[in-house]
Amino acid sequence: MTHPSVAYWSAGNESDWGPTLDLGASEIRSHDPSRPVMGSWTDHLDFTIRHNPITVAGIHSLDGHSKPVLWDESLAPYQGIWTDGKALWRDPGIRDYYVVPLIDVMEAFWNSQVVQASFIWAWSDDMFLVPNRGSEQGRSYTEDHGVERIYYKPGHGLVGDAPWGVIDGWRRRKPEFWNVQNLYSPIALPERSVALPSSGPLRVPVKNRYFFTNLSELAVQWRLGGQQGTVATDVPPQSAGYIEIPLPRGTVPGSNLELRFTNGTRLVNAFAVQVGNTVVTPSVPSLASSNSRTPLRVRKQELLSGITPRIEGDGFSLGISGQRGLLQYAVSNGDTVLYDQPQIHILPMQGASSELPEAISWKLDHPVDISEADGNITITSEGHYPNLVGTYRTVIKPNGEVTISYDFEYDGPEITAQEVGFRFEVPLPFDRLSWERKGELTWYPEGHIGALTGDVQAHSVRPPFVTPTWPYQEDDAPMGSNAYRSTKRNIIRATVREPSGYGWMIQSDGSQHLRAAVETDRIAVYVNDWYGGSPAEIGEYVENYGRGKMLHPGERIHSTVELRLLTAPAGEPRISEGVPQR
């Protein structure tokens, strides 16, 4: 929509439509000379119009421009019609990753003295159910994946331009909604943490980006350490100031202060601010305490494939394939908890080949080396896949910790990758996923797929092919719900486990990204050091997100994954040991 005082002429690229546009502008002025006239991609009318603020450099290129600049589209979500359909179906987390480069873009937008306005593209999905029609989604041939599960009606076909909205056709908020609300937020908190005062109130810096509204006109609610309240603040438009909150008695360093700004019943924005230094959280208990004195034992077992090593600890054992020199399984208290060795994983960008390498293609080049030091057992395996040559090093500790590292040289054709890291597989009953991660934003609405903490079952059991009456994150699919199968970026820790608690914890430092997917007979877990790039092969996305990680012949790839077995001593009841749901 445009302002009623503005005449907007959407004529496409000015180089093709210039004469026609000039004629239209003259006609508009003859009817009402008081209205400014503008057109898409124009410089020579009353306003300068540009399309999608893609980069910070693109915004700064107009610094000092002589006319006001408007963007006729802004911050377009992924659409699923530009070779990115499969990627969005596989990983809805791309819809949260969407915000990453746009934070700096929007900051430049806010600070620009020339850019005056932006039109959000788009508000809702452009999808329609039409009687007796086939599928016609997008402007050219498009691979359709997943959206038909909610856009379905017997006797109707799905037509439209794209599922490109921040809400879908049923007016449900998609993950991009909260990201866009933050990008355009008139309230900003420049600091993620504040000092814990020895006395007096907490003082939280705040920016008021409103042009006409004092923050005193909003309600400000706070929550800290089990206590909550409201506070008045006076920060004039287009200025910075402080929010002062009475310090609750007993506030400990590392506590999170939650702030919510509302205008009537509408949430304007919400933030979480750390108060004081971080408190180190005790690690989740594993199979045995870290100071367990029971040593690991290496046994030899005779199988049809030959004599192979078996490493035994208290309540668990891991088998090693003599032919491949890799872990073949893990068992805890009689139950299988791991299928095969966690191995290198490379997912080429959309449009390229499927993920590689195939685990079965691994060949051992030298006899496997098994050594013991300081109570730990180390397995070193040198070998190759097609186009990959290198080494796995697996360290097993008596308390059930398993650390696997690899070092490979890539010798295949030049490719770009969307994911590079590890893949491992666990039994289907390990269908509960929990996580704790670092985020670009400090607060997310309940159930958002980008939440900083979460705990979800693989399937929400929401039916397909019916009008959805539930939140977006609960849409289900064979690979898991949107909440479950979406990538959790920058994890600190995550667990894949039975609801009872048996399973694995993945420990990290905030630099790795986790994705889980239900397969026909197992659950695949991906822990990636690299995640990113645009699966949409058009400039608007490639300029912002890049093409992925480029792998050249001769390039070396390194990674480490730290796993911890979650269980309890034999005979004791199983207890959930996951991260609490938020």
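The values are calculated or read from the model by the stated rules, or taken from the named source; none is laboratory data. These numbers were taken from a predicted model, which means no experiment stands behind them. Neighbour counts run over all protein chains shown; Cβ positions are idealised from the backbone, glycine included.
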Query raised in the report: Only one of these conditions is not met by residue 350: (1) modelled with pLDDT of 95 or more; (2) touching a helix residue (DSSP H, G or I) at 6+ places or on another chain (Cβ under 8 Å). Which number is it?
Result: (1)
Report summary line: Checked against (1) farther than 27 Å from residue 567 by Cα; (2) in contact with a helix residue (DSSP H, G or I) (Cβ under 9 Å, 6 or more places away or on another chain); (3) not acidic (Asp, Glu), residue 467 satisfies every condition except (2)
Query - Subset of region 320-338 [under 26 Å from residue 497 (Cα atoms) and surrounded by fewer than 19 Cβ atoms within 10 Å (Cβ to Cβ)] - result: 329, 331, 333, 334, 335, 336
Query raised in the report: Does any residue of region 209-216 turn out to be over 27 Å from the mean Cα position of the chain (by Cα), touching a residue at least 40 places away in the same chain (Cβ under 8 Å) and surrounded by 19 or more Cβ atoms within 10 Å (Cβ to Cβ)?
Result: yes
Query raised in the report: Out of all the residues in region 498-520, is one or more on the phi > 0 side of the Ramachandran plot, at pLDDT below 95 and outside any strand (DSSP E or B)?
Result: yes
Query raised in the report: Of the residues in region 195-230, how many are touching a Leu at 6+ places or on another chain (Cβ under 9 Å) and in a strand (DSSP E or B)?
Result: 11
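Would a scan of region 391-412 turn up a residue that is of a type in the set (A, V, I, L, M) and either without any contact (Cβ under 8 Å) to a residue 24 or more places away in the chain or surrounded by fewer than 18 Cβ atoms within 10 Å (Cβ to Cβ) (or both)? First the steps, then the outcome.
Restricting attention to region 391-412, the residues satisfying the condition of being of a type in the set (A, V, I, L, M) are 395-396, 402, 404.
Filter once more, so that each one left must be either without any contact (Cβ under 8 Å) to a residue 24 or more places away in the chain or surrounded by fewer than 18 Cβ atoms within 10 Å (Cβ to Cβ) (or both): 395.
Yes - at least one qualifying residue is present in region 391-412.
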Query raised in the report: Out of 530, 504, which single residue is closer than 19 Å to residue 562 by Cβ, aromatic (Phe, Trp, Tyr) and out of contact with any Asp or Glu (no Cβ under 7 Å at 6 or more places or on another chain)?
Result: 504
Query - residue 93 vs. criteria modelled with pLDDT under 90 and either of a type outside the set (Ser, Thr, Tyr) or crowded, with 21+ Cβ neighbours inside 10 Å (or both) - result: no
Report task. Can you work out which of the residues in region 273-307 that are buried (at least 19 other Cβ atoms within 10 Å of the Cβ) and at pLDDT 75 or above is nearest to residue 506 (Cα to Cα)? Result -> 296
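Only one of these is closer than 19 Å to residue 555 by Cβ, surrounded by 19 or more Cβ atoms within 10 Å (Cβ to Cβ) and touching a residue at least 24 places away in the same chain (Cβ under 8 Å): 346, 379. Name it. It would help to see each step written out before you state the result.
Numbers: 379 fails: closer than 19 Å to residue 555 by Cβ.
Residue meeting the stated conditions: 346.
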Query raised in the report: When you go through 487, 467, 520 one by one, which is the residue that is more than 28 Å from residue 337 (Cβ to Cβ) and among the hydroxyl-bearing types (Ser, Thr, Tyr)?
Result: 467
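Kindly indicate whether residue 483 is under 26 Å from residue 316 (Cα atoms), at pLDDT 95 or above and within 18 Å of the chain's Cα centre (by Cα).
For residue 483, the condition - under 26 Å from residue 316 (Cα atoms), at pLDDT 95 or above and within 18 Å of the chain's Cα centre (by Cα) - is not met.
Can you list the strands (runs of 3 or more DSSP E) lying wholly within region 31-79 that have 2 or more residues being buried (at least 20 other Cβ atoms within 10 Å of the Cβ), in contact (Cβ under 8 Å) with a residue 40 or more places away in the chain and assigned by TED's automatic domain parsing to the domain that holds residue 126?
Details: elements: 37-39, 48-50, 69-74.
The strands (runs of 3 or more DSSP E) meeting that bar are 69-74.
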